[in-house]
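Trainee: Attaching a single structure in structure tokens format; questions to follow.
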Amino acid sequence: MCSDFHRAESGTELLARLEGRSSLKEIEPHLFADEESPVHGDILEFHGPEGTGKTEMLYHLTARCILPKSEGGLEVEVVFIDTDYHFDMLRLVTVLEHRLSQSSEEIIKRCLGRLFLVYCSSSTQLLLTLCSLEAMLCSHPSVCLLILDSLSAFYWIDRINGGESVNLQESTLKKCSQLLEKLVNEYRLVLFATTQSIMQKTSHPEEGPSCAFNRLSDVDVDYRPYLCKAWQQVVKHRILFSKQNDSKAGNQFSLVSRHLKSNNLKKHFFTIGESGVEFC
Amino acid sequence: MGVLRAGLCPGLTQDMVQILRSRGIKTVVDLVSADLEEVAQKCGLSYKALVALRRVLLAQFSAFPFNGADLYEELKTSTAILSTGVGSLDKLLDAGLYTGEVTEIAGAPGSGKTQVCLCVAANVAHGLQQNVLYIDSNGGLTASRILQLLQARTPDEEEQAGALQRIQVVRAFDIFQMLDVLQDLRGAVSQQVRSSSGTLKVVVVDSVAAVVAPLLGGQQREGLALMMQLARELKTLARDLSVAVLPTGCQETVDLGSWGTPAFQGDHKGHWEQSPVFPGDHT
């Protein structure tokens with residue numbers, strides 16, 4: 001009887017979980033190395049140093065989701081968790097205005113009505129917020145996309161708060177990762193999370209001891225994992241961003257998308273203009 | 001937020017706290033992530049009471065989701081654009097400094113960062129008649145220089161005096177003093193200590209590098225955590241009080257040479273800067 005009690009959910013919860021989550025397949029084909037992505041339950045990590053276009057890409061994806069179907073959007077709702085106080089509403093509005101054929105305050109407000117913003121000030125608050133997000137997801141069955149910008153914002157503060165034990169330092173983030181995986185699987189969402197590259201490239205050619213970074217054949221950015229193992233395990237896709245310094249166009253960026261299970265790699269270039277990300 | 005104690009939320013009595021603590025549940029996070037059925041069985045507390053407690057704690061401590069449209073409306077009414085007093089700088093910044101945002105002025109030593117800050121302070125105090133809080137951490141501010149800038153704008157001594165009164169100067173020579181100053185500022189604003197001469201619109205922090213640089217380097221993590229904390233304070237201050245925050249920083253990357261060591265703050269500034277302005281860039 002106890003195990004039944006666990007799994008019982010109300011009719012509305014069941015419907016909210018299974019029905020009404022539209023497919024995000026068309027969201028941005030350039031981002032995915034695999035043909036079938038993204039599917040429900042995918043977790044994608046945007047990784048790269050600052051100034052490489054990760055947050056702009058998030059605005060691009062958000063705009064794509066919240067625009068009405070008549071303007072080329074998907075008309076679904078998005079939950080944007082901002083841990084850095086980084087979210088620039090005015091920038092998002094500019095991107096939307098450029099993408100609408102006729103932009104008016106009404107349409108912009110209706111689009112923004114599909115966006116939910118959550119600001120978190122610490123990793124414990126992030127954890128508690130993810131716990132209470134379940135109720136919100138039940139009441140908003142058209143939320144399909146969860147964005148977390150960024151997951152690495154509390155890294156240094158957590159390391160200090162955890163004292164000397166690495167487990168303690170990583171425990172909150174580990175719980176967050178597990179909770180994110182559970183939410184994304186149960187409610188059939190797609191999660192985009194950004195992480196900053198905060199570890200420096202080594203200047204000498206030999207690798208350091210016991211490092212577990214992935215070697216990507218023709219990619220400039222080395223990936224240095226520093227977040228907890230639990231997070232590394234839930235990520236299905238990793239997309240590495242970098243800025244092209246040597247190209248003729250001043251603000252060209254590149255991303256390398258890698259599906260971790262199948263090991264497919266794809267590289268794309270894009271620029272960032274007034275209307276947001278434009279793939280080349 | 002953190003440790004469970006009696007009175008933290010309605011329904012949490014001292015007895016419950018003791019029982020939970022004896023089972024290893026000491027913090028809010030422990031309770032929220034525990035299996036409540038198991039806890040109810042082990043502790044002898046009612047499952048319903050625990051579920052209700054969990055709901056109340058989550059409602060109290062988790063962040064509340066805002067609707068994008070509401071936020072946009074609020075932003076439209078509360079954001080002000082402050083001219084810096086330098087025409088070409090205004091053009092670079094898309095009309096000026098935005099309240100609610102952090103605009104960093106970065107550059108090598110001697111490139112003019114303090115002068116830009118003084119100019120902004122003078123312009124906001126005199127031209128826009130609003131208050132400025134100038135946090136000085138490296139002794140670069142002299143009242144006589146601000147007076148010079150004001151004298152160039154107006155010959156009227158009363159106006160100059162009025163503008164000078166709107167610039168409040170605080171000195172903070174280490175990071176803890178600076179965090180204290182920011183905390184006091186919040187306290188003053190929350191108690192609605194209003195001066196008759198206008199509201200606070202700009203907080204200049206000259207310079208952040210001076211208080212953060214001594215903490216960085218080597219394998220110490222505390223310095224980075226403190227820097228991230230200061231960054232967070234400045235960002236939340238800008239947003240909560242609707243002021244434009246103007247920190248200055250040093251733009252130099254020091255290669256510390258070993259794997260896994262974080263790069264100097266020149267790279268970390270990116271975590272918080274929203275629109276860096278390099279003094280050499282404009283003509």
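The values are calculated or read from the model by the stated rules, or taken from the named source; none is laboratory data. It should be emphasised that the depicted structure is a prediction, and the values quoted were computed from it without experimental measurement. Cβ sites come from the backbone with ideal geometry, for glycine too, and all protein chains shown count toward neighbours.
Trainee: I need a count of the residues in segment A:138-152 that are crowded, with 20+ Cβ neighbours inside 10 Å and under 19 Å from A:THR62 (Cα atoms). Break it down into steps so the answer makes sense when it comes.
Mentor: Within segment A:138-152, the subset crowded, with 20+ Cβ neighbours inside 10 Å is A:143-152.
From what's left, under 19 Å from A:THR62 (Cα atoms): A:143-151.
Of the residues in that region, 9 qualify.
Trainee: Against the definition (away from chain B (no Cβ under 14 Å), in contact with a strand residue (DSSP E or B) (Cβ under 9 Å, 6 or more places away or on another chain) and not in a strand (DSSP E or B)), how does A:HIS30 come out, yes or no?
Mentor: Values: away from chain B (no Cβ under 14 Å): yes; in contact with a strand residue (DSSP E or B) (Cβ under 9 Å, 6 or more places away or on another chain): yes; not in a strand (DSSP E or B): yes.
Yes: the conditions hold for A:HIS30.
Trainee: Another one. Do we find that B:GLU74 is of a type in the set (Asp, Glu) and under 17 Å from A:LEU117 (Cα atoms) in this structure? If you could, list the steps in order and put the result at the bottom.
Mentor: Numbers: of a type in the set (Asp, Glu): yes; under 17 Å from A:LEU117 (Cα atoms): yes.
The answer is yes for B:GLU74.
Trainee: Does B:VAL17 satisfy the criteria of being within 14 Å of another protein chain (Cβ to nearest Cβ) and of a type in the set (Val, Ile, Thr)? So that I can check it myself, show each step before the final result.
Mentor: Values: within 14 Å of another protein chain (Cβ to nearest Cβ): no; of a type in the set (Val, Ile, Thr): yes.
Considered against the rule, which asks whether it is within 14 Å of another protein chain (Cβ to nearest Cβ) and of a type in the set (Val, Ile, Thr), B:VAL17 comes out as no.
Here is a yes/no grid of residues against (1) hydrophobic (A, V, I, L, M, F, W, C); (2) closer than 16 Å to A:GLY276 by Cα; (3) touching a Gly at 6+ places or on another chain (Cβ under 7 Å):
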site: A:PHE32; (1), (2), (3): yes, no, no
site: A:THR52; (1), (2), (3): no, yes, no
site: A:HIS60; (1), (2), (3): no, yes, yes
site: A:PRO68; (1), (2), (3): no, no, no
site: A:VAL78; (1), (2), (3): yes, no, no
site: A:ASP82; (1), (2), (3): no, no, no
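Trainee: Here is a further query. Tally the residues that are farther than 18 Å from A:LYS174 by Cα and among the β-branched types (Val, Ile, Thr), restricting the search to segment A:117-146.
Mentor: Adding up the residues that qualify gives 2.
Trainee: Exactly one of these conditions fails for B:GLY110: (1) at pLDDT below 90; (2) among the small types (Gly, Ala, Ser); (3) crowded, with 17+ Cβ neighbours inside 10 Å. Give me its number.
Mentor: Only one criterion is unmet by B:GLY110, namely (3).
Trainee: When only residues in segment A:146-193 that are of a type in the set (S, T, N, Q) and touching a Gly at 6+ places or on another chain (Cβ under 8 Å) count, which is nearest to A:MET89 (Cα to Cα)?
Mentor: Step one: filter segment A:146-193 for residues of a type in the set (S, T, N, Q), giving A:150, A:152, A:161, A:165, A:167, A:169, A:171-172, A:177-178, A:185.
Now restrict to residues that are touching a Gly at 6+ places or on another chain (Cβ under 8 Å): A:169, A:171, A:185.
Values: A:GLN169: 33, A:SER171: 32, A:ASN185: 29 Å.
Looking at the filtered set, the residue picked out is A:ASN185.
Trainee: Any residue at all in segment A:81-91 that's out of contact with any strand residue (DSSP E or B) (no Cβ under 9 Å at 6 or more places or on another chain) and under 19 Å from B:LEU71 (Cα atoms)?
Mentor: Narrowing segment A:81-91 to residues out of contact with any strand residue (DSSP E or B) (no Cβ under 9 Å at 6 or more places or on another chain): A:88.
Next, only the ones that are under 19 Å from B:LEU71 (Cα atoms) stay: A:88.
Yes, that holds for at least one residue.
Trainee: Looking only at segment A:125-146, count how many residues are more than 11 Å from chain B (Cβ to nearest Cβ) and under 22 Å from A:GLU71 (Cβ atoms).
Mentor: Counting residues in segment A:125-146 that are more than 11 Å from chain B (Cβ to nearest Cβ) and under 22 Å from A:GLU71 (Cβ atoms) gives 3.
Trainee: Among the numbered conditions (1) more than 14 Å from every other protein chain (Cβ to nearest Cβ); (2) in a helix (DSSP H, G or I); (3) within 21 Å of the chain's Cα centre (by Cα); (4) under 21 Å from B:LEU200 (Cα atoms), tell me where B:PHE176 comes up short.
Mentor: Here B:PHE176 clears every test but (4).
Trainee: Would you check which residues across segment B:62-72 are touching a helix residue (DSSP H, G or I) at 6+ places or on another chain (Cβ under 8 Å) and under 15 Å from A:GLU134 (Cα atoms) and list them?
Mentor: Taking segment B:62-72 and keeping what is touching a helix residue (DSSP H, G or I) at 6+ places or on another chain (Cβ under 8 Å), we get B:62-63, B:65, B:67-69, B:71-72.
Correct list: B:SER62, B:ALA63, B:PRO65.
Trainee: Do the conditions hold for B:GLY7, that is, is it more than 13 Å from chain A (Cβ to nearest Cβ) and loosely packed, with under 13 Cβ neighbours inside 10 Å?
Mentor: Yes, satisfied.
Trainee: If you scan segment B:209-241, which residues turn out to be crowded, with 21+ Cβ neighbours inside 10 Å and part of a loop (DSSP other than H, G, I, E, B)?
Mentor: Across segment B:209-241, there are no qualifying residues.
Trainee: With respect to the numbered conditions (1) within 20 Å of A:SER132 (Cβ to Cβ); (2) exposed (fewer than 15 other Cβ atoms within 10 Å of the Cβ), which one is the sole condition not fulfilled by B:GLU38?
Mentor: Only one criterion in (1) within 20 Å of A:SER132 (Cβ to Cβ); (2) exposed (fewer than 15 other Cβ atoms within 10 Å of the Cβ) is unmet by B:GLU38, namely (1).
Trainee: While we're looking at this one, here's another question. What are the pairs, 6+ residues apart or on separate chains, where a residue within segment A:154-169 that is at the interface with chain B (Cβ under 9 Å from one of its Cβ atoms) and at negative phi has its Cβ under 8 Å from a residue that is among the charged types (D, E, K, R) and outside any loop (DSSP other than H, G, I, E, B)?
Mentor: So the pair list comes out as A:ASP158/A:GLU170; A:ILE160/B:GLU222.
Trainee: Hey, among B:THR79, B:THR103, which residue is of a type in the set (Val, Ile, Thr), surrounded by fewer than 18 Cβ atoms within 10 Å (Cβ to Cβ) and under 18 Å from the mean Cα position of the chain (by Cα)?
Mentor: On the way: B:THR103 fails: surrounded by fewer than 18 Cβ atoms within 10 Å (Cβ to Cβ).
One residue alone meets the criteria, B:THR79.
Trainee: Within the group B:LEU58, B:LEU89, B:LEU71, B:LEU75, which residue is of a type in the set (A, V, I, L, M, F, W, C) and more than 10 Å from every other protein chain (Cβ to nearest Cβ)? I'd like the intermediate steps shown before the answer.
Mentor: Working: B:LEU58 fails: more than 10 Å from every other protein chain (Cβ to nearest Cβ); B:LEU71 fails: more than 10 Å from every other protein chain (Cβ to nearest Cβ); B:LEU75 fails: more than 10 Å from every other protein chain (Cβ to nearest Cβ).
The unique qualifying residue is B:LEU89.
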